[in-house]
Structure formats: C-alpha cells, structure tokens
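S.K.: Mind looking over this structure? Questions follow.
The values are calculated or read from the model by the stated rules, or taken from the named source; none is laboratory data. Just so it is clear, the model here is predicted, and its values are computed rather than measured. Glycine gets a Cβ as well: all are built from the backbone with ideal geometry, and neighbour counts include every protein chain shown. Just the protein is used for accessible areas: all its heavy atoms, side chains included, with ligands, DNA and RNA removed. Shrake-Rupley method; radii C 1.70, N 1.55, O 1.52, S 1.80 Å.
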Amino acid sequence: MEALDLEVKRGESEQSHERSDLETTVAAEMVSGGDAKRPRKGNNDHHAMEVVEEEEDGEMGAYEIFEIHRKDWIASYGKNDAAAFYKPTELLPMRHTDGPVIPFFVTPMDTMEIFLVKVAHLTDGLQWPLDVYGDVAVRDSLDWKRNYLFCRDRNNCQTLTSSQDSLLELTGPSRAVMLLDGPIFEIDLKVKGKGSSALSEDDKVLCLDYFGYNCIAYRGSSSYAKTKEVPSESCAMEFRFAHIINSVEATVTAHITNASCSFSARFSAHTTSIGEDVVLLDTRGQEVVPVKDDGEITLRRRVVVVEDHHQGQLILGLDAVLFGGDTGETTAVSQKLTYYPRSALRSVAYFDVGLVRIKMCVAWSLLP
C-alpha cells in the first residue's frame, strides 16, 4: 500500500513538474516575442489547440507569434474586445501640472525616453526607397494601452530613401512611459507596393513583432541608454531608448510671438545625464516650420522626461535657417535653452532668431 501511494505521488510530482516547465516556456515566449517557439506538450493551457495544429510546422512565423500576443492581451486587458487592442492610451500629459492641489502620492519616478526607431538594414530582396506605413507603439502598466510612437495609414506613408535616411518620424509618446513594470513595444509595419496602381495585396510586411524591456532588473543609480535590434524576415529594426531614473514629465510647446520671415528648423530636447537628442520637429532645412493661426508651432513630439531637480537639467535646442525673402539670402542660427526641472507649473524661455522670437514653454508634472 505504501509503495502504491509513493508511485501515485511520484506521478503527480512528474505531472506538476511538466506543467511548470510548460508555463515557463509560454511565459518566455510572451517576453521574447519573435524568438519564441511553439510549446510541444499538451495540457489545459489556452494555447494547447494551437500546439496540436502546428505540431508539424516547426517554428511559428511572425504572424502566428504576434497573434498569440494579441489574443493574450485581449484576454487579460481587453475584456474580450478585439478592437481594444489598438485603442490609444486615454491618459494625458500634464496630469499634475496645475493642481489646484497636487496629490500626495505623486513623485519623481523611473521612466523611459525613446530617441529613435529606424530601419537598420534590409533583407529578403527589399530595396530603397520604401514607402512605410503602420504602427509602432509601447505599452506600460499605467493602463496597458497603446502609447503610439508612429502611426500612419496606407495613404500617408513615410518614404525612407536610403540606409542614411531610415529614421521613422516619431509623433509620440503622448505621455511619459512609466517603468513600474516592464513595458512592451509592438511593431506592425508594412511597405507599400511599387507603382501608382499597386494594390494593398501587393504590400509587403516590413516587421511584425513585439519585445519587452526588463526595467525591474536594473538596480543602477544613474540613467542609461541602450540600443535594441529587432530582426525580421524583411529587415532589422533598431530602437534607441533610455532608462531615466527619478524623473518628471516635461511637455514642450512653442509659440512665435512675432515674425517677419519664414524659416526651417530642427527643435530638439535632451537631459544632461544622457546627452542624446529627442527630435521634437525637423523640417530638414527645406520645409517651412508649420505654424497655426494662433502662432503655435506644430511640434511632432512634445513629451520628454528629465531627472528631478537634484540630478538633471532639460536642454532645448534650435538649429534654424532663416529665408531672406526677395533677397534670397539665408542665415543659420543655433541656440540652446536650459531648464531646471520643477514639480509642477511651467517654465518659459525664448529663442531669438533674427527678428523671430519663439516662446518655449515647458509644463512640469510629477508622476504617475
């Protein structure tokens, strides 16, 4: 009888160990994205049906891996609403800028700064130039919704002309990316087919993947930047971002207070601890800076993060070219403004570019 009991317990232990191994494998898949492989052992896991169907196919393709990730998100956070997967975050920047009373729980917190996303190199027969459209987004645990970095439809492609001109024109994040738990990047990009008569069926997937950043593992006392390369069948995507410690959110706006000439410009921002630029707007020396009727300059990106006042400074940069109108003369100008971070309210400084004066306003907010 004792021998039988021992055999039963051994069998239960082996089954428990088998379930544990499978759960670890599935969890690893959800973190590693495109490096994942299909689990082989069947159990009560919700992927079991897919395991049986794909047993003979070997490794999964990009679409199958991303589809597992998408379904898992819908089940966990989307309330079984498939459309919810694509909804943008509803949380706005400047949540604690004006008060009237700043909540007791807000504080400087670890955040992520995203510098660039680029197509590093091409494979699978693709050639420059590329007309790229689709989405690049990041999710954090503040609401686990998409914080879009790049979002263009097929009728509004960005043309990448060469490996030296392969940076995506980012328009986000729309608010600070929190590092309470590991954020997740999602990439769903396509290349428009060649020719004016090309149909959507002729388009090619540039990259379909996701990956996470394990911010919890970092125990350093200073901010740092890193590069992540994401390979795919058609290209390699490159992400450059930073872990910014004890930081506050800074929302930048620009207004022309008086102007008598047109100009092109590159507006940038960086923290002194990292020194890498976040490009807020770049008209590439050719296009005129877009200005609304009320004088506001339309920046493509507005939200950056910077260490609190004990550690960091925010540097706004302007590299401008003034067009001389009828004379045809141009003047190049380069200036910088330094801001010391605050817990709330706003800081104002001015760029003076010839006869053009630009008011640069930074709205500060503690987090989350």
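S.K.: Which of the residues spanning the range 264-285 are more than 15 Å from V306 (Cα to Cα), modelled with pLDDT under 95 and open to solvent by 40 Å² or more (accessible area, probe 1.4 Å)?
M.R.: Passing the criteria: R284, G285.
S.K.: Ok, one more. Regarding T227, is this residue among the hydroxyl-bearing types (S, T, Y), surrounded by fewer than 17 Cβ atoms within 10 Å (Cβ to Cβ) and not in a loop (DSSP other than H, G, I, E, B)?
M.R.: yes
S.K.: Criterion first (exposed (fewer than 14 other Cβ atoms within 10 Å of the Cβ) and at pLDDT below 95) does D308 satisfy it?
M.R.: It is false that D308 is exposed (fewer than 14 other Cβ atoms within 10 Å of the Cβ) and at pLDDT below 95.
S.K.: Say whether the condition of being among the acidic types (D, E) and open to solvent by less than 70 Å² (accessible area, probe 1.4 Å) is met by at least one residue in the range 90-107.
M.R.: No, the range 90-107 contains no residue that is among the acidic types (D, E) and open to solvent by less than 70 Å² (accessible area, probe 1.4 Å).
S.K.: Could you list, ordered by first residue, the pairs with Cβ atoms under 6 Å in which the first is in the range 199-228 and free of Cβ contacts under 8 Å to residues at least 60 places away in the same chain and within 21 Å of G134 (Cβ to Cβ) and the second is in a strand (DSSP E or B) and open to solvent by 20 Å² or more (accessible area, probe 1.4 Å), at least 6 apart or interchain?
M.R.: Every condition considered, the pairs that remain are D203/K190.
S.K.: Read through the list (1) open to solvent by 30 Å² or more (accessible area, probe 1.4 Å); (2) closer than 20 Å to I187 by Cα; (3) within 18 Å of the chain's Cα centre (by Cα), then give the number of the only condition that A137 fails.
M.R.: Failing condition for A137: (1).
S.K.: Can you find, within the range 118-134, the residue that is surrounded by the most Cβ atoms within 10 Å (Cβ to Cβ) among those that are of a type outside the set (D, E, K, R), over 28 Å from T271 (Cα atoms) and touching a residue at least 40 places away in the same chain (Cβ under 8 Å)?
M.R.: Among those residues, the one meeting the criterion is L130.
Quick grid of which residues meet (1) charged (D, E, K, R); (2) open to solvent by less than 60 Å² (accessible area, probe 1.4 Å); (3) in contact with a helix residue (DSSP H, G or I) (Cβ under 6 Å, 6 or more places away or on another chain); (4) not assigned by the TED database to the domain that holds D140:
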position: T161; (1), (2), (3), (4): no, no, no, no
position: S166; (1), (2), (3), (4): no, yes, no, no
position: A176; (1), (2), (3), (4): no, yes, no, no
position: L179; (1), (2), (3), (4): no, yes, yes, no
position: F185; (1), (2), (3), (4): no, yes, no, no
position: L189; (1), (2), (3), (4): no, yes, no, no
position: G195; (1), (2), (3), (4): no, yes, no, no
position: L199; (1), (2), (3), (4): no, no, no, no
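S.K.: Looking only at the range 331-338, decide whether some residue is open to solvent by 10 Å² or more (accessible area, probe 1.4 Å), touching a Ser or Thr at 6+ places or on another chain (Cβ under 7 Å) and either at pLDDT below 95 or part of a strand (DSSP E or B) (or both).
M.R.: no
S.K.: Got a sec? Which of E249, E233, E238 is part of a strand (DSSP E or B), of a type in the set (D, E, K, R) and open to solvent by 10 Å² or more (accessible area, probe 1.4 Å)?
M.R.: Among E249, E233, E238, only E238 is part of a strand (DSSP E or B), of a type in the set (D, E, K, R) and open to solvent by 10 Å² or more (accessible area, probe 1.4 Å).
S.K.: Name the residues in the range 62-79 that are of a type in the set (G, A, S) and closer than 10 Å to D209 by Cα, would you?
M.R.: A62
S.K.: Which one is most open to solvent (accessible area, probe 1.4 Å) among residues in the range 311-325 that are part of a strand (DSSP E or B) and of a type outside the set (A, V, I, L, M, F, W, C)?
M.R.: D319
S.K.: Between a residue in the range 273-300 that is more than 22 Å from I315 (Cβ to Cβ) and any residue that is among the hydrophobic types (A, V, I, L, M, F, W, C) and part of a strand (DSSP E or B), which pairs come within a Cβ distance under 9 Å, given they are 6 or more apart or on different chains?
M.R.: Here the result reads V288/F263; V288/F323; P290/L281; P290/I297; V291/I256; V291/I297; G295/I256, each pair linking the range 273-300 to a residue that is among the hydrophobic types (A, V, I, L, M, F, W, C) and part of a strand (DSSP E or B).
S.K.: Name every residue in the range 77-117 that is over 21 Å from the mean Cα position of the chain (by Cα), outside any loop (DSSP other than H, G, I, E, B) and in contact (Cβ under 8 Å) with a residue 24 or more places away in the chain, in order of residue number.
M.R.: The one that is over 21 Å from the mean Cα position of the chain (by Cα), outside any loop (DSSP other than H, G, I, E, B) and in contact (Cβ under 8 Å) with a residue 24 or more places away in the chain: T107.
S.K.: State all residues of the range 275-296 that are within 19 Å of the chain's Cα centre (by Cα) and under 16 Å from V252 (Cα atoms); if no residue qualifies, say none.
M.R.: D277, V278, V279, L280, L281, D282
S.K.: What number of residues in the range 146-157 are open to solvent by less than 10 Å² (accessible area, probe 1.4 Å) and either closer than 18 Å to L281 by Cβ or touching a His at 6+ places or on another chain (Cβ under 8 Å) (or both)?
M.R.: 2
S.K.: Hey, another quick one. Any residue at all in the range 291-305 that's open to solvent by less than 70 Å² (accessible area, probe 1.4 Å), among the small types (G, A, S) and farther than 23 Å from T171 by Cα?
M.R.: no
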